[in-house]
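Read through the structure below, which is laid out as structure tokens, and then see the notes.
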Amino acid sequence: MKWAGNKYQILDRIKAVLPPGRRLIEPFVGSGAVFLNTDYERYLLADSNQDLINLFLTLQGEGAEFIGYCRSFFTGENNAEGRYYELRQEFNTTSDTRLKSALFLYLNRHAYNGLCRHNLRGGFNVPFGQYRQPYFPGKEMRHFLTRADRAAFRLADFRETMRLARRGDVVYCDPPYVPLSATANFTSYSSGGFGREEQAQLAELAQELAGRGVPVLVSNHATEFTLNAYQSARITCFDVQRFISCDGANRGKVEEVLALFGDKVIV
Ligand SMILES: C[S@@+](CC[C@H](N)C(=O)[O-])C[C@H]1O[C@@H](n2cnc3c(N)ncnc32)[C@H](O)[C@@H]1O
């Protein structure tokens, strides 16, 4: 999936500090970059995006046949503006989960900038992306299937997922980024409902889990706010080049932080 904030670029850095354990829990799984590139025995993968979790569950449940079905939408005929808006409309109105999941993948590769944005009525409203030949991620879907039997997927808020952590688990949290500039509107409504309060609660929960012997790694922008919220963690900061950003002004080099709360798994 093209996913805002995906972690492919900094995978090696994440893997270098992610502690070993029996099960990896990702409360903000997104496109699953960490799941697909690590080797834990078991995974608990959650996100609050229903379309994303339905796509993963449908692929996991149906297997290779679903890959073929998804591929059938990636045709030259469907890579045209008029057809894109018809399929977008179908995505927004269908109650067939299989069709909706396949269309979600189609939209992810044909929509402008791979964005995932909804209007107030909940409809996906990103315009046509005009790509010459959108990539069909068949290889990646097959790779997903080789690992999917280790994973349980959940549609859940991060607070619920983090409460499920037990000794022997390791948690990797990749929340929506805090805004970079101090002047950016950082309220409870910023970043798709993920504001200051949620960021602070996440840091508190991470500290609480670490206290119970469950290490938690959190990634975010390195700002005064995050460095303060992650005070009790072991901190690594580094620069990263960002390509996908909803906000053009935020493209370019930014400093990221990896904060490790509790660095020993107690079994
Ligand atoms: C930065 S992205 C994760 C990117 C992911 N690590 C990857 O490599 O693609 C943040 C994710 O948090 C999810 N999210 C936002 N608010 C959430 C919440 N309250 N609980 C759980 N997930 C949430 C979004 O749907 C999004 O997938």
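The values are calculated or read from the model by the stated rules, or taken from the named source; none is laboratory data. Here the structure is a predicted model, which is why all the values come from computation and not from measurement. In this analysis, Cβ positions are derived from the backbone assuming ideal geometry, glycine residues included, and neighbour counts consider all displayed protein chains.
Pairs are defined by a Cβ separation below 9 Å, a sequence spacing of at least 6 or placement on different chains, a first member in the stretch 33-53 that is under 17 Å from Gly21 (Cβ atoms) and outside the structural domain of Leu115 (by TED's automatic domain parsing), and a second member that is at pLDDT below 95 and not in a loop (DSSP other than H, G, I, E, B); the pairs so defined are Asn37/Tyr8. Every condition in (1) at negative phi; (2) of a type in the set (Ser, Thr, Tyr); (3) at pLDDT below 95 is met by Ser191 except one, and the failing one is (1). From the list Val254, Val240, the one residue that fits, being modelled with pLDDT under 95 and either closer than 25 Å to Pro19 by Cβ or away from the ligand (no atom under 16 Å from the Cβ) (or both), is Val240.
If you filter the stretch 1-60 down to residues that are over 22 Å from Leu145 (Cβ atoms) and near the ligand (Cβ under 7 Å from one of its atoms), you find that the one that is surrounded by the fewest Cβ atoms within 10 Å (Cβ to Cβ) is Ser48. Just to be sure before I move on: is Met162 modelled with pLDDT of 90 or more, closer than 22 Å to Pro20 by Cα and within 16 Å of the ligand (Cβ to nearest atom) in the structure I sent? Yes: the conditions hold for Met162.
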